[in-house]
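What follows is a single structure, written as structure tokens, with notes after it.
The values are calculated or read from the model by the stated rules, or taken from the named source; none is laboratory data. Values in this document were obtained by computation on a predicted structure and should not be read as measured data. Please note: Cβ atoms are built from the backbone with ideal geometry, for glycine as well, and neighbour counts cover all protein chains shown. Just the protein is used for accessible areas: all its heavy atoms, side chains included, with ligands, DNA and RNA removed. Shrake-Rupley method; radii C 1.70, N 1.55, O 1.52, S 1.80 Å.
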Amino acid sequence: NASISTKLNFSAPSTLIIHPQLAPSDPFRLILHWNQLPPSGSSCIGKELGLLKVRGRCHAQEMKRLKWKCVFLAGFLTLCPLLTAQEAGYWRALGSTARSITGDVALSSEKISINLSTNYWMAQIRALTPAELSAVFGVDLSAPGTGSLYRLNIPGNKRFAHKNTLCGGEDVKWMATQTDGRTLQIAFFSSSHVPVLTQDALSNSDSTALCGVFQYQH
């Protein structure tokens with residue numbers, strides 16, 4: 001059997017231990033264990049949660065506190081895929097276009113930093129299909145990698161590397177990404193509506209308002 005134990009310390013008196021356990025008869029089991037110092041007179045010192053049940057008899061007030069901690073944990077685990085996505089992290093500009101306009105960039109789940117000087121909020125709209133990745137970035141349909149479409153707002157008069165703007169003075173409204181984990185491509189759009197990411201639409205600059213495609217590497 002293989003077992004991995006992870007601890008998250010939220011405060012001095014409590015520790016959350018996450019035990020993902022792998023076994024032939026039990027492909028994946030997640031055990032959440034709270035080691036919490038109890039109030040005086042309480043018998044509920046250790047609380048172990050299975051995926052569907054809680055074992056142990058605890059005071060109602062303690063259970064209420066535990067419930068909210070579990071709600072917080074559920075939210076934390078939901079965000080984890082975003083924080084560990086292939087796109088996240090620091091990326092060095094690759095090629096003359098990116099080096100002369102955007103400089104290096106950094107992506108998190110909610111922000112993009114361009115030229116490592118200014119942060120902009122962004123919202124992920126959806127994942128891109130292989131056909132869309134191929135149309136925008138020229139990658140093969142069977143090539144490994146993923147990408148997403150984001151909504152953001154970068155003022156057209158904002159200047160980055162070498163005092164260049166992203167889209168010739170137009171506000172940037174959309175961003176598409178493509179990455180295989182080693183390299184990253186970003187396309188910016190100034191269209192006020194959701195860009196149609198097909199070969200035909202991209203060949204018509206008025207319909208998508210493609211500003212440019214920039215390449216980066218880890």
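Remarks
- Residues of the stretch 172-212 satisfying the condition of being farther than 14 Å from ASN153 by Cα, open to solvent by 50 Å² or more (accessible area, probe 1.4 Å) and of a type in the set (A, V, I, L, M): VAL196, LEU210
- Restricted to the stretch 186-196, and to residues there that are at pLDDT below 95 and touching a helix residue (DSSP H, G or I) at 6+ places or on another chain (Cβ under 7 Å), the residue that is farthest from PHE137 (Cα to Cα) is SER191.
- Yes/no for GLU110 being of a type in the set (D, E, K, R), open to solvent by less than 40 Å² (accessible area, probe 1.4 Å) and touching a residue at least 12 places away in the same chain (Cβ under 8 Å): no
- Matching entry among SER191, SER96 (being out of contact with any His (no Cβ under 7 Å at 6 or more places or on another chain), under 15 Å from GLY212 (Cα atoms), hydroxyl-bearing (Ser, Thr, Tyr) and without any contact (Cβ under 8 Å) to a residue 12 or more places away in the chain): SER96
- Exactly one residue out of GLY169, GLY156 is out of contact with any helix residue (DSSP H, G or I) (no Cβ under 6 Å at 6 or more places or on another chain), over 16 Å from SER134 (Cβ atoms) and open to solvent by 10 Å² or more (accessible area, probe 1.4 Å), and it is GLY169.
- Considering residues of the stretch 148-185 that are of a type in the set (Asp, Glu) and closer than 14 Å to GLY212 by Cα only, the residue modelled with the lowest pLDDT: GLU170
- Any chance LYS163 is open to solvent by 20 Å² or more (accessible area, probe 1.4 Å), of a type in the set (Lys, Arg) and at positive phi: yes
- Odd one out for SER100, checked against (1) under 20 Å from ALA176 (Cβ atoms); (2) modelled with pLDDT of 95 or more: (1)
- Residue within the stretch 126-147 that is in contact with a Phe, Trp or Tyr (Cβ under 7 Å, 6 or more places away or on another chain), in contact (Cβ under 8 Å) with a residue 24 or more places away in the chain and crowded, with 16+ Cβ neighbours inside 10 Å present: no
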